[in-house]
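Let me begin by presenting the structure, written as C-alpha cells, before commenting on it.
The values are calculated or read from the model by the stated rules, or taken from the named source; none is laboratory data. These numbers come from a predicted model, not from an experiment. Note that each Cβ is placed from the backbone with ideal geometry, even for glycine, and that neighbours are counted across all protein chains shown.
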C-alpha cells in the first residue's frame with residue numbers, strides 16, 4: 001500500500017522535553033539549559049538501569065554551587081528517570097515548611113505528566129497505594145522521621161518491593177547523615193535510619209545526593225552507604241556570581257568593618273537600649289538604597305533586597321528591626337529635606353558604587369537623592385526567623401530582610417544587592433558558613449551594584465572556604481575516581497560538624513609537616529620502579545637538591561612502592577599526590593623541590609609522620625615550596641635497593657582532611 005507523505009505523525013511527548021521547555025522559559029539562556037541537560041545526562045550514564053533484572057543499587061552526587069540552580073538539575077534528572085523507566089521518582093527535601101512548599105510547587109510545575117504526591121497525602125494509605133500503582137508518580141517528602149516512616153509503611157502495605165525507584169535527596173548533607181556517628185556505638189539518628197530503610201526497600205534504586213556543600217559526604221569512610229560512588233559537577237551559567245567574584249584574588253565587592261559593630265546590634269540586658277546604628281550598617285543600608293534606587297529609575301518593576309544576617313538570637317533580630325524602622329524614618333526625612341549629614345552619607349555610598357558601575361557614574365547624584373526621598377516611605381522590613389511566617393518575596397521597591405537560620409540553606413532572595421553578615425562561631429564549619437552565602441546567584445548584570453559587608457575576620461574565613469571549594473572541584477575534575485576527596489582547610493576552620501563523622505575516620509596532611517611510608521617494598525615488585533626513578537634522578541648529585549615541576553614530583557611519588565602490610569593508614573600515595581597537586585594549584589605554583597640521598601642504610605620501619613631526614617639535613621630544604629626527599633636504600637643480600645619518599649608540605653596554617 002502506498003504511504004501517504006502528508007500524513008501527520010503523532011508527536012511522542014516525554015517528561016524531559018516538558019521540563020526543559022519550562023526551564024528555557026524561566027532561565028532564558030539556552031547555554032545554561034544545555035549545561036543542566038548535560039549534567040543530568042551524566043547522572044543517567046551512571047545510574048541503575050530501571051529495566052534491568054535482579055537487585056542493584058548505587059548512590060551518586062550532583063555537586064553544584066550555592067544558588068546556582070541545582071533545582072533545575074534535580075527536575076531534569078527526575079524527568080529523565082521517568083522517561084527511562086523508573087516507576088517512582090522520590091524527592092527528599094527540607095523539613096522547613098515554607099521551603100518544602102516551594103519545592104513541592106516546583107516539582108508540580110516541572111512534571112505536568114506525572115501524579116505528584118505530597119507528604120500530607122501519606123495519611124490516606126489506600127489512595128496512596130492506588131496512585132502509586134497507576135502511572136509514573138513523583139513523591140515529595142520532607143526529611144522528617146515520622147513522614148519517612150509513614151511513607152515506608154505505605155510502600156510495605158502496597159508491596160511495592162518490585163518497583164524501580166529514583167531517590168533524589170536535595171541538600172543531602174543536611175539531616176540525611178547519621179548525627180550519632182561520633183558516638184561510635186552503632187546507633188543512628190531517626191532520619192538517617194529511615195532514609196537507609198527507604199533505600200533498602202527497593203531492590204533496584206538509584207540514590208542521588210544533591211548539594212553545594214558535600215564535605216560531610218566525602219569525609220564518610222570509603223565503604224559508607226552515604227558516601228558518593230560517583231560525582232557529577234553541576235556547572236553554573238555565565239550570569240552566575242559566586243566565590244571568586246567576592247573572594248578571589250581580584251575581587252572588589254567586599255567592604256570590611258570592625259567586629260565590634262556586631263556586638264552593637266545586640267540589645268543585651270538593657271531594658272531600653274539606645275537605638276544607635278553602627279556606622280558600618282548605616283553605610284551598608286545607604287549603599288543598598290543608592291543601588292536599588294538606581295535600578296528602580298531604570299525599570300519601575302525592579303524591586304531589590306537587603307539582607308542582615310548577624311545572629312541566631314531572636315532578641316537581636318527584634319532589635320535590628322527597630323533599628324531599621326528608625327533608619328527608614330530618618331532617611332525619608334533627611335533625603336526630602338536635603339539634610340547635610342544624610343546627603344554626605346548617601347554621597348559616600350554613591351561614589352563607592354560609581355567606582356564599579358558606569359550607569360551609576362553617569363546618573364546625577366541629585367536625581368538619585370530625589371528618588372530616595374520619594375520611594376523611602378515604601379521600604380518594607382521583614383523579620384524571617386523561627387518565630388515568624390514571613391517569606392522572602394521581594395514585592396516593594398526596597399526590602400530589608402532580618403533573620404537567622406531560616407535565611408541560610410535553600411533560601412533564594414531575588415535581586416539581593418547588599419548583604420551585611422556577621423555570624424562568627426568560635427570554630428567555623430566550612431559547609432555551614434558556605435551555605436550562608438546568600439549573596440551568590442545569577443546577578444551578573446548587577447555585579448557593579450553588589451556589596452558584601454563583613455568583619456575582616458570573617459572575610460579571611462570566606463576566602464579560605466572559597467579556596468577549599470575551588471580545590472575540591474578541581475580535584476573532582478582532575479580525578480573522577482572517588483578514591484580520594486581531600487578537603488583543603490586554612491586557619492581555624494573545621495570541614496563539617498563532628499557529630500556525623502566516626503571517631504578516627506579522618507586523616508590530615510597539614511602545613512609544615514612531613515609524611516612518608518612506614519616501609520617500602522625491597523624485592524622484585526619494586527625493581528622496575530627503582531630503575532625508572534634512577535633514570536629520572538640521574539642528573540642530581542648525591543645529597544643535593546634541585547627544582548622540579550609539580551608534574552615531576554607527582555610522577556616520582558607515584559613510582560615509589562610502599563609496603564602496604566606495614567601501613568599506619570596515614571601515607572596514601574594517591575592522597576599525597578592529589579594533595580600536592582591541589583596545594584600547588586591553589587597557591588599558583590607549578591614547581592617544587594627534590595632532594596636526593598642515595599645509599600642510605602634504612603632498614604627499620606618508620607612512623608609515617610616521623611620523617612627520615614635528620615634535623616641538620618632539614619636545613620638544606622626550602623620551607624616555602626613542596627619538598628620531596630628521595631632516599632635510595634642500600635641493597636644487601638636479602639633486600640634490593642628501593643626509593644623511600646618523604647614529602648614536606650610548606651609551612652602554614654592549612655591542612656588537607658580526608659577519610660581513611
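Within the range 408-431, the set of residues being outside any loop (DSSP other than H, G, I, E, B) and buried (at least 22 other Cβ atoms within 10 Å of the Cβ) comprises 416, 417, 418, 419, 420, 421, 430, 431.
The number of residues in the range 100-135 that are out of contact with any strand residue (DSSP E or B) (no Cβ under 7 Å at 6 or more places or on another chain) and under 28 Å from residue 25 (Cα atoms) comes to 8.
Looking only at the range 67-98, count how many residues are at pLDDT 95 or above, out of contact with any strand residue (DSSP E or B) (no Cβ under 8 Å at 6 or more places or on another chain) and buried (at least 24 other Cβ atoms within 10 Å of the Cβ). Count: 3. Out of curiosity, is residue 195 within 11 Å of residue 148 (Cα to Cα), surrounded by 24 or more Cβ atoms within 10 Å (Cβ to Cβ) and not assigned by TED's automatic domain parsing to the domain that holds residue 409? For residue 195, the condition - within 11 Å of residue 148 (Cα to Cα), surrounded by 24 or more Cβ atoms within 10 Å (Cβ to Cβ) and not assigned by TED's automatic domain parsing to the domain that holds residue 409 - is met. Scanning the range 65-84 for residues that are closer than 23 Å to residue 196 by Cα and part of a loop (DSSP other than H, G, I, E, B) gives no hits. When the range 147-170 is filtered for residues that are surrounded by fewer than 22 Cβ atoms within 10 Å (Cβ to Cβ) and more than 17 Å from residue 201 (Cα to Cα), nothing remains. Selection of first residues in the range 604-622 that are on the phi < 0 side of the Ramachandran plot and of second residues that are assigned to a helix (DSSP H, G or I), restricted to Cβ pairs under 6 Å at least 6 apart or on distinct chains, gives the following pairs, ordered by first then second residue: 605/566. Residues that are in contact with a helix residue (DSSP H, G or I) (Cβ under 7 Å, 6 or more places away or on another chain) and within 27 Å of residue 71 (Cα to Cα) within the range 449-470 comprise 449, 451, 452, 462, 463, 465, 466, 467, 468, 469, 470, listed in sequence order.
Within the range 449-464, the set of residues being surrounded by fewer than 20 Cβ atoms within 10 Å (Cβ to Cβ) and either out of contact with any strand residue (DSSP E or B) (no Cβ under 7 Å at 6 or more places or on another chain) or on the phi > 0 side of the Ramachandran plot (or both) comprises 457, 460, 463.
Screening the candidates 60, 105 for the property of being surrounded by fewer than 24 Cβ atoms within 10 Å (Cβ to Cβ), part of a strand (DSSP E or B) and not assigned by TED's automatic domain parsing to the domain that holds residue 438 yields one hit, 60.
This table checks each residue for (1) over 34 Å from the mean Cα position of the chain (by Cα); (2) under 13 Å from residue 647 (Cβ atoms); (3) surrounded by 17 or more Cβ atoms within 10 Å (Cβ to Cβ).
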{"residue": "539", "(1), (2), (3)": "yes, no, no"}
{"residue": "556", "(1), (2), (3)": "no, yes, yes"}
{"residue": "563", "(1), (2), (3)": "yes, no, yes"}
{"residue": "568", "(1), (2), (3)": "no, no, no"}
{"residue": "573", "(1), (2), (3)": "no, yes, yes"}
{"residue": "592", "(1), (2), (3)": "no, yes, yes"}
{"residue": "603", "(1), (2), (3)": "yes, no, no"}
{"residue": "611", "(1), (2), (3)": "yes, yes, yes"}
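With the structure loaded, tell me whether residue 26 is modelled with pLDDT of 90 or more, surrounded by fewer than 21 Cβ atoms within 10 Å (Cβ to Cβ), within 30 Å of residue 224 (Cβ to Cβ) and assigned by TED's automatic domain parsing to the domain that holds residue 196 or whether it fails that test.
Values: modelled with pLDDT of 90 or more: yes; surrounded by fewer than 21 Cβ atoms within 10 Å (Cβ to Cβ): yes; within 30 Å of residue 224 (Cβ to Cβ): no; assigned by TED's automatic domain parsing to the domain that holds residue 196: yes.
When the stated conditions are applied, residue 26 does not pass them.
Could you please let me know if residue 202 is surrounded by 18 or more Cβ atoms within 10 Å (Cβ to Cβ) and more than 30 Å from residue 47 (Cβ to Cβ)? So residue 202 fails the test.
Taking residue 174 as the residue in question, decide whether it is in a loop (DSSP other than H, G, I, E, B) and touching a strand residue (DSSP E or B) at 6+ places or on another chain (Cβ under 7 Å). Considered against the rule, which asks whether it is in a loop (DSSP other than H, G, I, E, B) and touching a strand residue (DSSP E or B) at 6+ places or on another chain (Cβ under 7 Å), residue 174 comes out as no.
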